[in-house]
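The values are calculated or read from the model by the stated rules, or taken from the named source; none is laboratory data. Keep in mind the model is a prediction, meaning the values are calculated, not measured. Backbone-built Cβ (ideal geometry, glycine too); neighbour counts: all protein chains shown. All accessible areas refer to the heavy atoms of the entire protein, side chains included, with ligands and DNA or RNA removed. Shrake-Rupley method; radii C 1.70, N 1.55, O 1.52, S 1.80 Å.
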Protein chains: 2
Amino acid sequence: MKYGIVIFPSKKLQDLANSYRKRYDPHYALIPPHLTLKEAFNTDLDADNLTDKLEEISQNYEPFNLKIHKVSSFQPITNTIYFKAENNDTLTSLHHDCYKQLPGGEPSHPFVPHVTIAQKLSNDEHSDVYGSLRMLGIEHEEIIDRFHLVYQLENDSWSVYETFRLGRDHQ
Amino acid sequence: MKYGIVIFPSKKLQDLANSYRKRYDPHYALIPPHLTLKEAFNTDLDADNLTDKLEEISQNYEPFNLKIHKVSSFQPITNTIYFKAENNDTLTSLHHDCYKQLPGGEPSHPFVPHVTIAQKLSNDEHSDVYGSLRMLGIEHEEIIDRFHLVYQLENDSWSVYETFRLGRDHQ
């Protein structure tokens, strides 16, 4: 089964991201707006094996402040435009733990925490869209207190298997 | 905010449902296949207020066997076609608790646990599709050990807020 680990931010930020994704992101209907902690990976492990590890991981962290102050682009690597999240120790360590303690190999690229708002644009579209979105800018902060294990269905959409709360002591 | 409470069944059943929903359900892209425990409801309560109650509820139940042996239709009330789940005490009580212990008023109709595979069809389409799906039939069983609190985004799609595991003792 193909899994991924993501943060779904607040409704407010998801609605804002969707207002752009609707026009500029072909994955719009496949998954709500998200910040990816671990890219899609295949494993034969049971989901319950993964959730045990993710629960342990989640207990090592406290809720943190997600700050987004910039619209950015991965060009020239890809034409993906995104809300750039300020990196912080929690995000870096969560990303690290998700790779180190779960199957799926090494990250394929350096960790740039972000919420995608446009992708697979032509170069001309990218120039236009990035030009205007960069001008609009973004100022957003929120507390993140959870992340999600998701899995991919046959139609390429993603379904949520489980939520993990940061720093919650189960008792 | 508008919330709902649903069970997302296994990938296998979701894939099967989606193979029909893709053609016959205009909500196909808005939410993965699901069994609704509590219909969409509006409340000003914080999500965390709801999750506290839902966590209490979830601890009163054990995982249960979901049995689906029939394709059925709500006609003449609506042209919705669905996988009909066998009712059982857990489903009935979960449904009851979700209405009794959370805001949102009374159920608008009797509880018929189901996974929708087609809706908003014309009468002619309904006859054709129901005729062939009923012939195909379905034989499916699986263990359900979780349910989800979901909320609706501005674009009418649904995002998962949290998962609740049945009978899990948090310690």
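Summary table below
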item	result
Check on A:Asp124, surrounded by fewer than 13 Cβ atoms within 10 Å (Cβ to Cβ), part of a helix (DSSP H, G or I) and more than 14 Å from chain B (Cβ to nearest Cβ)	yes
Boolean, B:Asp97 is at pLDDT below 95, farther than 23 Å from A:Glu154 by Cα and of a type in the set (D, E, K, R)	no
Given (1) part of a strand (DSSP E or B); (2) touching a Pro at 6+ places or on another chain (Cβ under 7 Å); (3) open to solvent by less than 60 Å² (accessible area, probe 1.4 Å), index of the condition B:Ile117 fails	(2)
Residue match in region A:60-78 (condition: within 14 Å of chain B (Cβ to nearest Cβ) and of a type in the set (A, V, I, L, M, F, W, C))	no
Total residues in region B:26-72, condition in a strand (DSSP E or B), closer than 17 Å to B:Gly4 by Cα and open to solvent by less than 60 Å² (accessible area, probe 1.4 Å)	6
Residues (in a helix (DSSP H, G or I) and either surrounded by 14 or more Cβ atoms within 10 Å (Cβ to Cβ) or among the hydroxyl-bearing types (Ser, Thr, Tyr) (or both)) located in region A:16-25	A:Leu16, A:Ala17, A:Asn18, A:Ser19, A:Tyr20, A:Arg21, A:Tyr24
Count of residues meeting criterion [over 16 Å from A:Val6 (Cβ atoms) and of a type in the set (Phe, Trp, Tyr)] in region A:73-124	1
First in region A:5-30 and facing chain B (nearest Cβ under 9 Å), second anywhere and of a type in the set (Lys, Arg), Cβ under 7 Å, 6 or more apart	A:Tyr28/A:Arg21; A:Tyr28/A:Lys22
Number of positions in region B:104-114 that are over 21 Å from B:Ala17 (Cβ atoms) and open to solvent by less than 70 Å² (accessible area, probe 1.4 Å)	3
Qualifying strands (runs of 3 or more DSSP E) (wholly inside region A:127-171; at least 3 residues being farther than 30 Å from B:Leu16 by Cα and more than 8 Å from chain B (Cβ to nearest Cβ))	A:140-144
Of all residues in region B:81-102 being in a loop (DSSP other than H, G, I, E, B) and free of Cβ contacts under 8 Å to residues at least 40 places away in the same chain, the one that is least open to solvent (accessible area, probe 1.4 Å)	B:Asn88
